[in-house]
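The values are calculated or read from the model by the stated rules, or taken from the named source; none is laboratory data. None of these values were measured; they are calculated from a predicted model. Glycine also receives a Cβ, built like all others from the backbone with ideal geometry; neighbour counts cover every protein chain displayed. Keep in mind that these areas ignore ligands, DNA and RNA; they rest on the heavy atoms of the full protein, side chains included. Shrake-Rupley method; radii C 1.70, N 1.55, O 1.52, S 1.80 Å.
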Amino acid sequence: MQAAKPVQGANPGEGRLVLAATPMGDIGDASARLRDALGTADVIAAEDTRRTKALAAALGVTITGRVVSFYDQVEVSRLPGLVTDIEEGRTVLLVTDAGMPSVSDPGYRLVAACVEAGLPVTCLPGPSAVTTALALSGLPVERFCFDGFPPRKPGQRRAYFGTLVHEPRAVVFFEAPHRLAACLADAVDVLGGDRRAAVCRELTKTYEEVRRGTLAELAEWAVEGARGEITVVLEGAVAVATDPVDLVDEVERKVEDGMRLKDACAVVAEAASKSSGATVSKRELYDAVLEARRD
């Protein structure tokens with residue numbers, strides 16, 4: 001076995017924080033840099049210490065540094081000690097159970113603390129359920145946003161989907177398998193059954209499955225139950241153009257209430273642009289009002 005090489009991101013002898021992506025299911029996705037980091041880091045902050053030790057063993061790596069737990073409930077209390085480790089010249093490796101730290105997993109608070117303290121931070125790229133699901137979705141994903149987990153309560157979840165009615169970007173989110181059917185049913189009610197989506201299950205694992213279709217089709221499928229880690233990709237909304245003629249009456253009502261015509265056109269055009277997702281021209285609306293008055 002080749003000797004492990006120190007991770008990059010700081011000058012020799014200088015402490016640093018290293019975020020490392022870990023395999024989601026296939027051990028073969030572990031990078032050579034991750035292997036080196038597991039074997040050379042002075043401190044390993046792990047979401048689950050047992051899983052991290054098992055990962056190292058599976059990779060044939062001997063951990064020589066100190067391993068500490070770093071999960072949601074202890075994240076804040078661990079920050080001072082880990083920052084001190086880095087200030088004293090140690091390399092701290094941060095890993096989670098699967099995928100990239102800070103992405104719906106512990107990590108960002110430690111990164112922020114290191115940035116605030118002026119300490120070096122680097123990252124070892126690797127597996128990510130977000131980008132893997134986007135690539136497999138079969139949907140246009142040139143622009144996308146990631147929303148973590150939707151709210152658990154039905155009312156809050158429906159309100160969340162309400163914010164996506166006119167969202168032009170593809171949206172990626174995680175969901176627990178026992179909530180998937182209710183989540184997709186709410187999406188159908190709020191966004192409509194024709195919106196396309198993809199449900200990705202157990203990515204990179206033996207029983208990987210990707211279901212593609214409309215929200216209505218996927219909601220019907222999910223009723224039967226789904227297991228494993230779930231990542232959903234939702235198609236972005238298609239902008240619907242608004243005819244300025246349809247907004248004339250609204251402009252005239254504002255004018256009757258005392259607003260100047262030019263200002264009324266600006267206010268109505270801006271509101272219509274936000275609600276439809278398509279830009280409404282103030283000039284075209286102004287011209288439509290004048291044309292209607294002449295008629």
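Scanning the stretch 268-277 for residues that are surrounded by 15 or more Cβ atoms within 10 Å (Cβ to Cβ) and on the phi < 0 side of the Ramachandran plot yields Val268, Ala269, Ala272, Ser273, Ser276. In summary, strands (runs of 3 or more DSSP E) completely within the stretch 34-142 and bearing 3 or more residues that are open to solvent by less than 30 Å² (accessible area, probe 1.4 Å) and more than 29 Å from Val233 (Cβ to Cβ) occur at 43-46, 91-95. The set of residues from the stretch 258-295 being within 37 Å of the chain's Cα centre (by Cα), over 30 Å from Asp194 (Cα atoms) and of a type in the set (D, E, K, R) comprises just one member, Lys282. Screening Leu203, Leu184, Leu218 for residues that are over 26 Å from Ser273 (Cα atoms), out of contact with any Leu (no Cβ under 6 Å at 6 or more places or on another chain), buried (at least 19 other Cβ atoms within 10 Å of the Cβ) and not β-branched (Val, Ile, Thr) leaves exactly one candidate, Leu203. Of all residues in the stretch 236-257, those that are open to solvent by 70 Å² or more (accessible area, probe 1.4 Å), over 25 Å from Ala197 (Cα atoms) and in a loop (DSSP other than H, G, I, E, B) total 2. Confirm whether Gly192 is on the phi > 0 side of the Ramachandran plot, touching a Leu at 6+ places or on another chain (Cβ under 9 Å) and free of Cβ contacts under 8 Å to residues at least 24 places away in the same chain. So Gly192 passes the test.
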